[in-house]
Amino acid sequence: MTRSVRWIQVVVALLALGATRAQAVVTGSIFGPGSNAFPIAVVPLKNLGGDADARLGNAFARALSRDLDFSGYFKLVDPKTFIEDPQNSGITADAIDFVGWGSLGAQALVKGGITVAGGGATVEVRLFDVPARKDVPAVSRRFNGSVSDVPRMAHKIADSILEFLTGERGPFDSQIALTRGKPLKDVYVWTFDRDEPVKVTDERSIVVGPRWRPDLRAIAFISYREHFQHLFQVDLGSKQVSRLVPGPNTVLSAAWSPDGSKLLITREEGGNTDIYLADRNGGNLQRLTDHWAIDVSPTWAPDGKRFAFCSARAGSPQIYVMGIDGSGLERVSRVGNYNTSPAWAPKGDHIAYATRTGGGFQIVVTSVDGSGSETITSGGSNEDPSWGPDGRYLVFSSGEGERHRLVLEDLHGKTRKELTRGSGDDTSPSWSPRSD
């Protein structure tokens, strides 16, 4: 079956079901990340008023094209080969040269227009099925917002295109927190339309382990600003930093509960580290693990009833799962003799972690019961995995020596995309929930 035929079948099936997103019938059966990519052309938005230099229309197309490329599902048609001038051609099906676009190999086409007035922007976007010579109403969108919202509008369209084709919404309307710098670090935030992340703290210290609060208004992190490891949070609106978990004891890591009402923290007391449960302000501590070996790096299950963590109770660091009530302790890691940095997928079906091998670390993805372990990286050192909000992709720190950058891979390791570049040492990524 050709990709063109499959595309037409998707359109027909969806239209027959009323073209609602809840009734999407394609669930990865067209193709997956890293397979034969689906040819799509993304045309800059036509100026419908107020964008005379086409700056915003071009920025929208760049952001959308990057998202689709990062997904691993698409092959972008080279803009140098486009048959139409976006500013002098139509944006509705009756005004599009589908034969010409088909001759370029495009199976899908994205076109639209933008109107700018008084700092506001209105964007209309349509996805067209080139072989069928029609638009796809299920993906067509109209957005209203500020000029600064235009890149985010592109991310929303990318997510909608992925949802239409695969039955699952994409992950691109989201953000990634990370630490950057050497030897001193700070917390930065990166989005998929940016080349460089934006600095959000000024710690002038060693900073590790940023974690998003689920409401996206704050990021928790560990800082040595008081000469010992303590837990802080930065309010992203005011940029004010406040300390969580009072007292002299060091805190090595933290993770917000899915509803943001609680924290799991790694706290040292009497020379030993264990996992504690705290309220959202770091108070009312309740000890969850009590073992002579180290227990660190907690990560919540999406149902808020269990957590995974790293423990050396078997003689070497391994990944375990247990209930918040202390029940059901089980070892998850089955490969390697040194495993750390667990991350629980948002669907609840997988746990990723880093395993030490060959002088570096590689990323392993496994089922929650430890079965079906798959090492998805090779070469260099790859650490600190964090799941995207759709559970299909991971971001992690990858590099050799002192230079690390953030890399995206799908959960089977078939597509790999470098997200950050430059001389910054980018580590400890934390992928946010979706922005709405």
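What residue, among those in segment 100-120 that are more than 25 Å from Phe38 (Cβ to Cβ) and part of a strand (DSSP E or B), is most open to solvent (accessible area, probe 1.4 Å)? The residue in question is Ala117. Figure legend. Inter-residue proximity from segment 404-415: first residues of a type outside the set (A, V, I, L, M, F, W, C), second residues surrounded by fewer than 19 Cβ atoms within 10 Å (Cβ to Cβ) and part of a strand (DSSP E or B), beta-carbon distance below 8 Å, spacing 6+ or different chains. Indicated pairs: Arg405/Gly399; Arg405/Glu418; Glu409/Arg416; Glu409/Lys417; His412/Glu374; Gly413/Glu374; Gly413/Thr375.
Restricting attention to segment 323-336, the residues being of a type in the set (S, T, N, Q) and open to solvent by 50 Å² or more (accessible area, probe 1.4 Å) number 1.
With respect to the stated conditions, Val147 is aliphatic (A, V, I, L, M) and open to solvent by 30 Å² or more (accessible area, probe 1.4 Å).
Residues that are of a type in the set (Val, Ile, Thr) and either surrounded by fewer than 16 Cβ atoms within 10 Å (Cβ to Cβ) or at pLDDT 95 or above (or both) within segment 337-390 comprise Thr340, Ile351, Thr355, Ile363, Val364, Val365, Thr366, Val368, Thr375, Ile376, Thr377, listed in sequence order. You will find that of Pro183, Pro258, Pro171, Pro248, the residue that is surrounded by fewer than 24 Cβ atoms within 10 Å (Cβ to Cβ), over 18 Å from Arg62 (Cβ atoms) and either of a type in the set (A, V, I, L, M) or touching a residue at least 24 places away in the same chain (Cβ under 8 Å) (or both) is Pro258 and no other.
Taking segment 406-426 as the search range and keeping residues that are part of a loop (DSSP other than H, G, I, E, B), open to solvent by less than 40 Å² (accessible area, probe 1.4 Å) and on the phi < 0 side of the Ramachandran plot, which one is modelled with the lowest pLDDT? Out of the qualifying residues, it is Gly424. Inside segment 80-105, can you point out the residues that are hydrophobic (A, V, I, L, M, F, W, C) and closer than 16 Å to Val125 by Cβ? Hits for segment 80-105 are Ile91, Ala93, Ala95, Ile96. Entry remark, segment 211-243: residues being within 17 Å of Tyr276 (Cα to Cα) and either free of Cβ contacts under 8 Å to residues at least 12 places away in the same chain or under 26 Å from the mean Cα position of the chain (by Cα) (or both) number 6 in total.
Once segment 392-404 is narrowed to residues that are at pLDDT 95 or above and not hydroxyl-bearing (Ser, Thr, Tyr), the residue that is most open to solvent (accessible area, probe 1.4 Å) is Arg392. Which one of these is of a type in the set (Asp, Glu) and part of a strand (DSSP E or B): Glu124, Glu168? Result: Glu124 is the single residue among Glu124, Glu168 that is of a type in the set (Asp, Glu) and part of a strand (DSSP E or B).
The values are calculated or read from the model by the stated rules, or taken from the named source; none is laboratory data. Since the model is a prediction, treat every value here as computed from it, not as a measurement. Because the Cβ atoms are built from the backbone with ideal geometry, glycine has one as well, and the counts that use them run over all protein chains shown. Keep in mind that these areas ignore ligands, DNA and RNA; they rest on the heavy atoms of the full protein, side chains included. Shrake-Rupley method; radii C 1.70, N 1.55, O 1.52, S 1.80 Å.
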